[in-house]
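Please read the structure below before turning to the comments.
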Amino acid sequence: MAKIVIANFKMNKTESETKDYLISFLSKFEDYKAELILALPYTSLSLAKFMLEGRAVAISAQNISEDDEKGATGEISGRMLAGSGASYVIVGHSERRTKFKENNKVINQKIKNGLKNGLSIILCVGESLADRNTMKTLATLKVQIEEALKGLYENELENIIIAYEPVWAIGSGKTPSPKDVELAVKSIRKVIEEDFSPKASEQIRVVYGGSINPKNAQKFASISGINGILVGSASLDPNIFMQIINACV
Ligand code: PGA
């Protein structure tokens, strides 16, 4: 199966900087055997939709409101995201869990809202350093997944990618060992098996994210049970991101 490679721009790049990025990216673009997803700031979504027309690259947003359209100044609805060209949305990134106090209940509502509006979901989960040091990694993952996916139908999991991102590995240059990632992915799939079915556990797509670079991309993308990678800061330079993609296909 083709590997999934997700770029997360986070709060980087103006619309015109995204334009320059995509011009450079597309000039080297080949028909990759990877499934590419670019998670862009809201202000770049429509431009990317226009520039990526006909290319095998999906566009993702990085957040969605848990509410439908109403008086919620500054928020963005699933319908708006879909209308701007997004087919995916990232939910539950650790930066939102910590900085914006998004808990699992809110994350569950955001997922349901995204799905209702036809968006696929990239659900980020991962343990903190404190969880890891107290051997609570697997317990944390279980709670995050069970609460995020509460009330979903099994067939909706087709539209969900789980991104395993240890919080301490994000933007730190530190990574877990492939063995640790393998264990975490096994436990993620076990939760899905218990709450849904063995088939769902086998089919759900799980990617790894946290300090991916061109040197380690292939190692993490090829871990057993892993379907791809999510790349943050190393995706901001189109040449480096291209090297990462090439390392995975
Ligand atoms: P990083 O970010 O690759 O810069 O560690 C990953 C992420 O935040 O999703």
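When region 181-200 is examined, which residues are found to be farther than 18 Å from GLY151 by Cβ and of a type outside the set (Asp, Glu)?
Across region 181-200, the qualifying residues are VAL181, LEU183, ALA184, VAL185, LYS186, SER187, ILE188, ARG189, LYS190, PRO198, LYS199.
Looking for something in a helix (DSSP H, G or I), open to solvent by 10 Å² or more (accessible area, probe 1.4 Å), within 17 Å of LEU36 (Cβ to Cβ) and not hydroxyl-bearing (Ser, Thr, Tyr) - is there at least one such residue anywhere in region 189-201?
Scanning region 189-201, I find no residue that is in a helix (DSSP H, G or I), open to solvent by 10 Å² or more (accessible area, probe 1.4 Å), within 17 Å of LEU36 (Cβ to Cβ) and not hydroxyl-bearing (Ser, Thr, Tyr), so the answer is no.
Which of the following residues is within 17 Å of the chain's Cα centre (by Cα) and at pLDDT 95 or above: LEU138, LEU129, LEU115? Explain how you work it out, then say what you get.
Values: LEU138 fails: within 17 Å of the chain's Cα centre (by Cα); LEU129 fails: within 17 Å of the chain's Cα centre (by Cα).
Of the residues listed, the single one that is within 17 Å of the chain's Cα centre (by Cα) and at pLDDT 95 or above is LEU115.
Taking LYS186, is it open to solvent by 60 Å² or more (accessible area, probe 1.4 Å), within 28 Å of GLU75 (Cβ to Cβ), at pLDDT 95 or above and part of a helix (DSSP H, G or I)? Spell out how you get there, then give the answer.
Numbers: open to solvent by 60 Å² or more (accessible area, probe 1.4 Å): yes; within 28 Å of GLU75 (Cβ to Cβ): no; at pLDDT 95 or above: yes; part of a helix (DSSP H, G or I): yes.
When the stated conditions are applied, LYS186 does not pass them.
The values are calculated or read from the model by the stated rules, or taken from the named source; none is laboratory data. Note that this is a predicted model, so its numbers are computed, not measured. Please note: Cβ atoms are built from the backbone with ideal geometry, for glycine as well, and neighbour counts cover all protein chains shown. When the accessible area is computed, the model is the full protein with side chains, heavy atoms only, and any ligands, DNA or RNA have been set aside. Shrake-Rupley method; radii C 1.70, N 1.55, O 1.52, S 1.80 Å.
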